[in-house]
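Working notes, structure below.
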Amino acid sequence: MKKEIMGCLLGILLCIPCFLKAQDTAKIYHEQYRPQIHFSPQRHWINDPNGMVFYKGTYHLFFQYYPDGTTWGPMHWGHAVSQDLMHWKELPIALYPDSLGYIFSGSAVADSNNTSGFGNKEKMPLVAIFTNHDPVGEKEGKNDFQNQSLAYSLDNGFSWTKYSKNPVLRNPGIRDFRDPKVIWYAMEKKWVMTLATKDRITFYSSPDLKSWKKESEFGEKLGAHGGVWECPDLFPMKLNGKTYWTLIVNVNPGGPNGGSATQYFIGHFDGNKFTQIDSTIKWLDYGPDEYAGVTWSNTGARRIFLGWMSNWEYANQVPTKKWRNAMTIPKELGLKKVGGRILLTSNPLKELTGIERAPVNLNRNLLTGKGIKGLSSQFVLKFNINKLNDYSITLSNDVGEALIIGYDNAKNQYFIHRAKSGKIDFNPAFSKTAFSPRLSNNSLEANIKIVVDVSSIELFADDGLTVMTSVFFPTQPFNQLHLKKSKGVIIKNLKLLPLKSIW
């Protein structure tokens, strides 16, 4: 009997830490404004996604992280993992600043052929390539304070060792020389680095990830140049059996609605040079709050994209207290030909259906203008439109705050209006209405998908041709939904799906 009692007591004692941890987790992830379906750190500052790699069933997400405050500071690589791209577990910091400087943005690859020599017969290395940013050199006015370095993991990405001979690519004297995104170019059996170098992209190649040579430059007078180029990405995709290369280049400032944003180019890459096939400026997301977006490595034909859900105009000022900023939902990229142009499409991953709840019965209230009340704080709204014309969707709460998203037919553009969405006084740029041109050439029909979280909205229009991401900060949660449409507009297949919290 004594053994049984002692066993029960021991079981209770062992369960106490788990219970306390569960309580702490519930408290942490349910503060005011905390996203419920987007990744955000438990505490402190976050910006660019880094080192995203898929390996042995696990998606690794590293990210720019400052563990000592809620505004930008000395950068580390934070770390989180997921098996389904929806539910995330935050792990200890992966990379700390060192004698070479802060750990700025970069990428990670699965070195399956052990070209780096970091692995052995039993353990294949994952290799991270990142920018060391020397704040002392920057303060002294030098131009070579950013250099590229390596770290490697022999335990499937869960712990990392920095290469003893860092940096592996030294700065030739370019003030902005950063954010390496590396891919394996199988046709020539070499690694290709896409590097942001001030106002252009510079391509480098390497047989072993350690020794690099310059291949070419792209973009000095092409694309959007309202600010410095950052966080590039280069990858192939197929359309109708033909391969095209997409080059993503983030720019800050100079976005279509002010501040930071993600542009892209479609073209060809031969292992040495990238050549675009269309000179028009293209934006992956026209909303004010997607930046530094890049794709996961080692995912095969899938191109899974993730961005930082904020804007450098006000990222340090948004009114959260214990953490600041979050990531977008992961998105699947594709290509589509529209009016002779090849455009990038972006849509929510199919994995999002794994957190859907049963559809809400909308009756006819939404279509007759009465609206619906009692909404959950996170949901997906989907519908099709016939006889396209003006319409708007309003999210609101009991104190009169509202976010309006919709389409202006005369201007052929989508918009997000957040001037009355709640707390907006932290920065004058925040209240501006964001606009996006409609890129589809179907003048009669449209399909719309809107993903709403506690403090964010992501619009996917026309099969993902137009995407807009925006954050907002109502003083009370939005719990009402209204749909307003012009005469003649036909709404079909209207469906509202509440989403389970990932926490």
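The values are calculated or read from the model by the stated rules, or taken from the named source; none is laboratory data. Since this is a predicted model, take the numbers as computed values, not measurements. Every residue, glycine as well, gets a Cβ built from its backbone with ideal geometry; the counts of neighbours run over all protein chains shown.
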request  = Within the range 170-208, track down each residue that is over 18 Å from residue 151 (Cα atoms), without any contact (Cβ under 8 Å) to a residue 40 or more places away in the chain and touching a strand residue (DSSP E or B) at 6+ places or on another chain (Cβ under 9 Å).
outcome  = 171, 172, 174, 175, 197, 198, 199, 200, 202, 204
task = With respect to residue 396, determine if the residue is among the hydroxyl-bearing types (Ser, Thr, Tyr), surrounded by fewer than 19 Cβ atoms within 10 Å (Cβ to Cβ) and either under 21 Å from residue 37 (Cα atoms) or in contact with a Gly (Cβ under 7 Å, 6 or more places away or on another chain) (or both).
result = no
Some residue of the range 447-470 being modelled with pLDDT of 95 or more, more than 23 Å from residue 311 (Cα to Cα) and among the hydroxyl-bearing types (Ser, Thr, Tyr) = no
message = Quick check on the range 449-460: of everything there that is crowded, with 22+ Cβ neighbours inside 10 Å and not charged (D, E, K, R), which residue is farthest from the chain's Cα centre (by Cα)?
response = 454
remark   = All conditions in (1) without any contact (Cβ under 8 Å) to a residue 12 or more places away in the chain; (2) surrounded by 24 or more Cβ atoms within 10 Å (Cβ to Cβ) are true of residue 327 except (1)
query = Counting just the residues of the range 143-194 that are of a type in the set (Asp, Glu) and not in a strand (DSSP E or B), which one comes out surrounded by the fewest Cβ atoms within 10 Å (Cβ to Cβ)?
reply = 155
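Quick check on residue 445: is it outside the structural domain of residue 328 (by TED's automatic domain parsing), among the charged types (D, E, K, R) and either surrounded by 20 or more Cβ atoms within 10 Å (Cβ to Cβ) or in contact with a helix residue (DSSP H, G or I) (Cβ under 7 Å, 6 or more places away or on another chain) (or both)?
Working: outside the structural domain of residue 328 (by TED's automatic domain parsing): yes; among the charged types (D, E, K, R): yes; either surrounded by 20 or more Cβ atoms within 10 Å (Cβ to Cβ) or in contact with a helix residue (DSSP H, G or I) (Cβ under 7 Å, 6 or more places away or on another chain) (or both): no.
Answer is no for this residue.
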request  = Output the residue which, of all residues in the range 462-503 that are assigned to a loop (DSSP other than H, G, I, E, B) and over 24 Å from residue 36 (Cα atoms), is nearest to the chain's Cα centre (by Cα).
outcome  = 465
key: Residue check for residue 429: over 20 Å from residue 499 (Cα atoms) and either under 24 Å from the mean Cα position of the chain (by Cα) or in contact (Cβ under 8 Å) with a residue 60 or more places away in the chain (or both)   = yes
Counted residues, the range 356-365 - those being surrounded by 15 or more Cβ atoms within 10 Å (Cβ to Cβ) and farther than 13 Å from residue 493 by Cβ = 2
request  = Please tell me if residue 102 is more than 21 Å from the chain's Cα centre (by Cα) and surrounded by 15 or more Cβ atoms within 10 Å (Cβ to Cβ).
outcome  = yes
inquiry  = Go through the range 73-102 and report how many residues are in a loop (DSSP other than H, G, I, E, B), aromatic (Phe, Trp, Tyr) and more than 29 Å from residue 501 (Cβ to Cβ).
reply    = 1
remark   = Pairing a residue in the range 450-468 that is assigned by TED's automatic domain parsing to the domain that holds residue 331 with any residue that is crowded, with 21+ Cβ neighbours inside 10 Å and not in a strand (DSSP E or B), where Cβ atoms lie under 6 Å and the two sit 6 or more apart in sequence or on different chains, gives none
task = Have a look at 428, 498 and point out the one that is in contact with a strand residue (DSSP E or B) (Cβ under 8 Å, 6 or more places away or on another chain) and not hydrophobic (A, V, I, L, M, F, W, C).
result = 498
ask   = Which of the following residues is in a strand (DSSP E or B) and small (Gly, Ala, Ser): 436, 443?
value = 436
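Return yes when residue 51 is small (Gly, Ala, Ser) and buried (at least 22 other Cβ atoms within 10 Å of the Cβ) and no when it is not.
So residue 51 fits the description; yes.
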